[in-house]
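See structure below.
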Protein chains: 2
Amino acid sequence: MRSLDTTFWQVPKASVKNLNKHAALDLIRFSPSGISRIELSRELGLTRAAVTAIVGDLIKAGLVRETNGQSSRGRRAIALEINPQGGLVVGVDIGATHVTFVLADYLAHVIDEIEASLDIFEGPQVCLPFVDQMMRSWLEQLGVKLSQITAIGVGVPGPIVTDAGMVSGPPIMPGWDLFPIREWLEKAWGCPVTLGNDAEFGALGEWAFGAGRGVDNLVYIKVGTGIGAGLLIEGQIYRGTTGCAGEIGHVTIEEDGPLCTCGNRGCLEALAGGRAIAQKAIRAIKAGTRTTLSERPSIETISAMDVIAAARKGDHLSQKLVQEAGYYLGTALANLINLFNPTRIVIGGGVAQVGDLLLEPVRKVAKQRSLKVASQAVTITSAVLGRRSSAMGAVAQAISLSLHQLAEAS
Amino acid sequence: MRSLDTTFWQVPKASVKNLNKHAALDLIRFSPSGISRIELSRELGLTRAAVTAIVGDLIKAGLVRETNGQSSRGRRAIALEINPQGGLVVGVDIGATHVTFVLADYLAHVIDEIEASLDIFEGPQVCLPFVDQMMRSWLEQLGVKLSQITAIGVGVPGPIVTDAGMVSGPPIMPGWDLFPIREWLEKAWGCPVTLGNDAEFGALGEWAFGAGRGVDNLVYIKVGTGIGAGLLIEGQIYRGTTGCAGEIGHVTIEEDGPLCTCGNRGCLEALAGGRAIAQKAIRAIKAGTRTTLSERPSIETISAMDVIAAARKGDHLSQKLVQEAGYYLGTALANLINLFNPTRIVIGGGVAQVGDLLLEPVRKVAKQRSLKVASQAVTITSAVLGRRSSAMGAVAQAISLSLHQLAEAS
DNA sequence: CGCGATTGTTAAGTTACTTGACATTCTTTC
DNA sequence: GAAAGAATGTCAAGTAACTTAACAATCGCG
């Protein structure tokens, strides 16, 4: 009398017909050292014969190839991996102040990457042509033609309306509201574009290739100019009803705290974001605090990254500011842990590059202020992919798009 | 060039073989006024012929029956509904101070219900035999034999380890930690038991039959002695890694607030839970505040329900306390809205029975302190099923278990 | 070398579907 | 009131994705 304890069966969104083919493809993709047909059959719950047929299709379509397998007691298993020669993809991470491009093959091996400054406040009519031009000149330089690119993932720092391929009501992207970003880019580049939130893509990147590989319930926190979170439930991005799930940056921490860009008071972002850290430093210097930061020519232009650099070199004020940010972040994460009960929290973004100086107070406060059952289950680590998390998530999504489209056709 | 924008295909947990049969069954279950074969074929993406075969199986197995359909231009469609004569189920809601039993058929029509007092602090060795005895005498009184019950859903106020059928580290259930609740009950009753969290089941109940019918992303808040939340994503309960997702009661609201039963300070539960409301009332009366509550014989035994009742009759102190609770709850919900971006929040539990007196401040604060994109998407309402939300969720889960087990066998 | 162990393949049968024709039953129209 | 049109439901034949069961390939080991 074994209880099932399932809830409700779902009507699958895609065709049920090739479900196992797609599932096999993903198992092959996310097995770093290859996977054999028999392992596939175990994971999928199919017979070896069925897997032979499915893999045969995938190989014939040029999506998968055989490599050297592991030895065991009996016949040596043949390892399967994605065929990297199938095509190329690009991941683009558009941040508030920077844009990052990553060119990769279907195995997610990075071929090249570049970064450039960009001001997202200038709006889509300025930024998108700029991104388009950068892409073209960069690819030309590498000797790669746009027609070789089979899909492009683009991350932006705002809530995504997936079906429409645009952002809606973004707190830090004035002028982008409801602009048809995906349509514009697909027209410019002539290939499928998948639009995503930068924190979501960060989560996806770390889940696929980084600090949260294969983890069930993953949260990625991007601490940059602002603060955002990406939620991943069993490898699926959770966006919520209007695409703004994970907006942890605008969670209230101090009821009467400093004013935030969103209009409220005491938001996490206004207390622990990069902009807040920089402004706190400037204010402290003006108030006469001793710090190595005051040696800089212009005090007004001190950025969060300057504070981070100084903290690393042992500057007391900077270290104090970073730890303070960690304290606030830990408080917010404690609430997130109680609500979402994640397996892992990965902290990335520019500010996170200080490492344990930020993470230690985060871990301490998060543990202290959350329920024991929940805090014991979660590990809080820093991002493995560093500044590339989001771009790699965009790459993962682009590869996903390409592979599954090809698998459907075959 | 239509972009897919899916993420990753999942390996389905149950057998893929009968997936459409199960999906059809659920579509029939959750269509209040029946559904025709042709509507099923549209929803499932199958042909009419295939649906004929599937429905034929379900009818032959006695799970589904035909009723009168709607007229249209052409041939009258035959409406399908679950066959209520297939069997009976029971939903049990074990709360901190009460236990509720609901007997229902497969159409979730309530046949009878009873409620009794119970002190969960007495532990499983006392409570479970008591629940067992109550079930037996109640069923005997109704002339129903235990063997007629095909499944029983049981809700308890603690984090669930689904596979094991027990609770782990429950904040308000000392002595129950890791006790094999499901095993004990299955042995006692001789039928499959599905164990769930009371807030989860509340969410399920309101999603299936109440204020959140069919809603994509639903949050149910149970404001009773404590405060808990149940999260439903597309009809699926989200439990998190260790089953304690939605523990909103222990989210920090005031850093140096009153001590909570969980050991932390300033938890939502310690500020807005039923216990907190009652204690605040007692303290105010002792301090000399004028209130109708002081007419009661014993001040120390004033409960949250007394305060609720007084507030409804216009008592000023009681109304103030309820509104205060609403204010705190609204703050917590604002954070939940930013993180989870739900479509609907349903507020239930004993304290919620005051209605708008609590809901108005909740709505106001929640809207004010959350992002516009998120707050515009969500509606906050009170539970339709009232005190029965959780028990009806347990019924829904029990029916689910029975139907899908029978469908698998047929 | 031969043997068991393990992996992969092949051919025949099964199942859940689709396709396309047909039957049924309603409303509308002449 | 019969015919036409429209929608729903069913049937029979074919197909794709599986399973079953036998067999082939390849390894380590005595």
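Considering each of A:E300, A:E295 in turn, give the residue that is free of Cβ contacts under 8 Å to residues at least 60 places away in the same chain, open to solvent by 10 Å² or more (accessible area, probe 1.4 Å) and out of contact with any helix residue (DSSP H, G or I) (no Cβ under 9 Å at 6 or more places or on another chain).
A:E295
For the stretch A:229-246, filtered to residues that are facing chain B (nearest Cβ under 7 Å) and more than 15 Å from A:D216 (Cβ to Cβ), the residue that is surrounded by the most Cβ atoms within 10 Å (Cβ to Cβ) is A:C244.
Going through (1) near DNA strand D (Cβ under 10 Å from one of its atoms); (2) within 14 Å of B:E81 (Cα to Cα); (3) within 12 Å of another protein chain (Cβ to nearest Cβ) one by one, B:A24 falls short only on (1). Please find, within the stretch A:162-204, the residue that is farthest from the other protein chains (Cβ to nearest Cβ) out of those that are of a type in the set (D, E) and within 12 Å of the chain's Cα centre (by Cα). Among them, the one singled out is A:D198.
Quickly run through the stretch B:43-86 and pick out the residues that are under 17 Å from B:D26 (Cα atoms) and part of a loop (DSSP other than H, G, I, E, B). Scanning the stretch B:43-86 gives B:G45, B:L46, B:A61, B:G62, B:L63, B:N83. Looking only at residues of the stretch A:65-96 that are among the β-branched types (V, I, T) and within 12 Å of DNA strand C (Cβ to nearest atom), we find that the one that is nearest to A:E140 (Cα to Cα) is A:T67. All of A:L339, A:L333, A:L359 fail the test of being more than 14 Å from every other protein chain (Cβ to nearest Cβ) and of a type outside the set (K, R), apart from A:L359. Taking the criterion of being without any contact (Cβ under 8 Å) to a residue 40 or more places away in the chain and either in contact with a strand residue (DSSP E or B) (Cβ under 6 Å, 6 or more places away or on another chain) or assigned to a helix (DSSP H, G or I) (or both), the residues of the stretch B:303-326 that qualify are B:D306, B:V307, B:A309, B:A310, B:H316, B:L317, B:S318, B:Q319, B:K320, B:Q323.
The lone criterion from (1) in a helix (DSSP H, G or I); (2) open to solvent by 10 Å² or more (accessible area, probe 1.4 Å); (3) more than 9 Å from chain A (Cβ to nearest Cβ) left unmet by B:V395 is number (2).
Would you say A:E66 is open to solvent by 30 Å² or more (accessible area, probe 1.4 Å), touching a helix residue (DSSP H, G or I) at 6+ places or on another chain (Cβ under 9 Å) and either within 14 Å of chain B (Cβ to nearest Cβ) or hydroxyl-bearing (S, T, Y) (or both)? Criteria not met by A:E66. The residue list A:S390, A:S375 contains one member that is hydroxyl-bearing (S, T, Y), buried (at least 19 other Cβ atoms within 10 Å of the Cβ) and more than 19 Å from the chain's Cα centre (by Cα), which is A:S375. Exactly one residue out of B:G158, B:G143 is closer than 23 Å to B:G226 by Cβ and out of contact with any helix residue (DSSP H, G or I) (no Cβ under 8 Å at 6 or more places or on another chain): that is B:G158. For A:I221, the stated conditions do not hold, so it cannot be described as of a type outside the set (S, T, N, Q), in contact with a Ser or Thr (Cβ under 6 Å, 6 or more places away or on another chain) and assigned by TED's automatic domain parsing to the domain that holds A:A278. How many residues are more than 8 Å from DNA strand D (Cβ to nearest atom) and open to solvent by 60 Å² or more (accessible area, probe 1.4 Å) when one looks only at the stretch A:36-55? The number of residues fulfilling the criteria is 5. In the condition set (1) in contact with a strand residue (DSSP E or B) (Cβ under 6 Å, 6 or more places away or on another chain); (2) open to solvent by 10 Å² or more (accessible area, probe 1.4 Å); (3) not in a strand (DSSP E or B), A:A164 is compliant with all but (1). Total residues in the stretch A:134-161 satisfying the condition of being polar (S, T, N, Q), within 14 Å of another protein chain (Cβ to nearest Cβ) and either touching a Leu at 6+ places or on another chain (Cβ under 7 Å) or buried (at least 17 other Cβ atoms within 10 Å of the Cβ) (or both): the figure is 1. Given the structure, is B:R29 within 14 Å of another protein chain (Cβ to nearest Cβ), in contact (Cβ under 8 Å) with a residue 60 or more places away in the chain and farther than 30 Å from A:L40 by Cα? In short, yes.
For the stretch B:100-118, the tally of residues that are open to solvent by less than 70 Å² (accessible area, probe 1.4 Å) and more than 30 Å from B:S31 (Cα to Cα) stands at 2. For the stretch B:210-228, the set of residues classified as farther than 19 Å from B:M392 by Cβ and either at the interface with chain A (Cβ under 7 Å from one of its Cβ atoms) or of a type in the set (K, R) (or both) consists of B:D216, B:N217, listed by residue number.
Condition check for B:W207 on (1) open to solvent by 20 Å² or more (accessible area, probe 1.4 Å); (2) within 12 Å of chain A (Cβ to nearest Cβ); (3) part of a loop (DSSP other than H, G, I, E, B): one failure, at (3). When the residues of the stretch A:69-99 are filtered to those that are buried (at least 17 other Cβ atoms within 10 Å of the Cβ) and of a type in the set (D, E, K, R), the one that is nearest to DNA strand D (Cβ to nearest atom) is A:E81.
The values are calculated or read from the model by the stated rules, or taken from the named source; none is laboratory data. Just so we're clear, the structure is a prediction, and the values are computed from it rather than from any experiment. Methodologically, a virtual Cβ is constructed for each residue, glycine included, from the backbone with ideal geometry; neighbour enumeration extends over all protein chains shown. For accessibility, only protein heavy atoms count, side chains too; no ligands or nucleic acids. Shrake-Rupley method; radii C 1.70, N 1.55, O 1.52, S 1.80 Å.
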